[in-house]
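I have placed the structure first, in the form of structure tokens, so that the comments after it can refer back to it.
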């Protein structure tokens with residue numbers, strides 16, 4: 001038995017009312033949401049992360065550049081951050097073409113203490129704590145023994161020479177640019193000069209106010225040798 005039309009209309013209205021009360025979306029709204037999802041989905045597939053971007057493999061050939069090199073040379077006069085060498089003496093140890101005999105900044109006790117600290121960490125293993133070339137590495141069998149800093153030849157070298165050797169290496173010695181900052185390298189040179197002075201000093205180099213302590217100390221050393 002068929003239901004009268006007015007009953008069907010009331011039923012439809014009733015169902016619509018129940019959906020609105022229950023928060024159920026209408027069929028047309030569901031269709032609209034589905035269409036939006038279909039439009040958004042292809043766009044999400046176009047995402048390109050940094051790990052999946054156009055790039056060249058190291059030293060790969062390039063059809064874009066005229067020389068076909070993907071690894072591009074540095075632009076002329078490029079300076080790396082923190083590597084601008086405005087002070088020639090400070091950065092190279094040279095005054096023009098020659099090594100400088102002067103320091104680029106005043107040397108005080110703070111500088112000497114810093115130099116001693118760095119010297120005993122990086123230099124003493126080979127050069128020895130007083131610079132005679134008899135460090136522990138040499139004692140344990142290293143074949144290339146460093147020269148003593150107290151040789152007349154090295155005592156006559158200007159301060160800039162030692163700075164250059166620390167910066168660029170010499171012979172079997174590596175450079176220490178990575179381990180020591182520019183100012184630390186100069187601090188080591190300052191301490192090295194103090195070592196050279198200490199191992200070749202005379203009584204005339206001692207201040208008069210402190211000379212009175214030399215005689216008792218010399219006597220004590222003489223007794224110890226006996």
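Numerical summary
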read-out	value
Complete set of residues in the range 172-184 that are touching a residue at least 24 places away in the same chain (Cβ under 8 Å) and either within 14 Å of residue 90 (Cα to Cα) or assigned to a helix (DSSP H, G or I) (or both)	180, 182, 183, 184
Unmet requirement for residue 139, which otherwise passes all of (1) at pLDDT below 95; (2) touching a strand residue (DSSP E or B) at 6+ places or on another chain (Cβ under 9 Å)	(2)
Residue list for the range 157-171, restricted to those being outside any helix (DSSP H, G or I) and either out of contact with any strand residue (DSSP E or B) (no Cβ under 9 Å at 6 or more places or on another chain) or crowded, with 19+ Cβ neighbours inside 10 Å (or both)	169, 170, 171
Verdict on residue 66 being surrounded by fewer than 10 Cβ atoms within 10 Å (Cβ to Cβ) and under 30 Å from residue 159 (Cα atoms)	no
Tabulated pairs, the range 114-126, first free of Cβ contacts under 8 Å to residues at least 24 places away in the same chain and at negative phi, second assigned to a helix (DSSP H, G or I) and surrounded by fewer than 17 Cβ atoms within 10 Å (Cβ to Cβ), C-beta under 7 angstrom, 6+ apart or interchain	125/136; 125/137
Unmet requirement for residue 47, which otherwise passes all of (1) surrounded by 11 or more Cβ atoms within 10 Å (Cβ to Cβ); (2) modelled with pLDDT under 90; (3) in a loop (DSSP other than H, G, I, E, B)	(1)
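The values are calculated or read from the model by the stated rules, or taken from the named source; none is laboratory data. Not measured: the values here are computed from a predicted model. Counting neighbours? That spans all protein chains shown, and the Cβs are built from the backbone with ideal geometry, glycine included.
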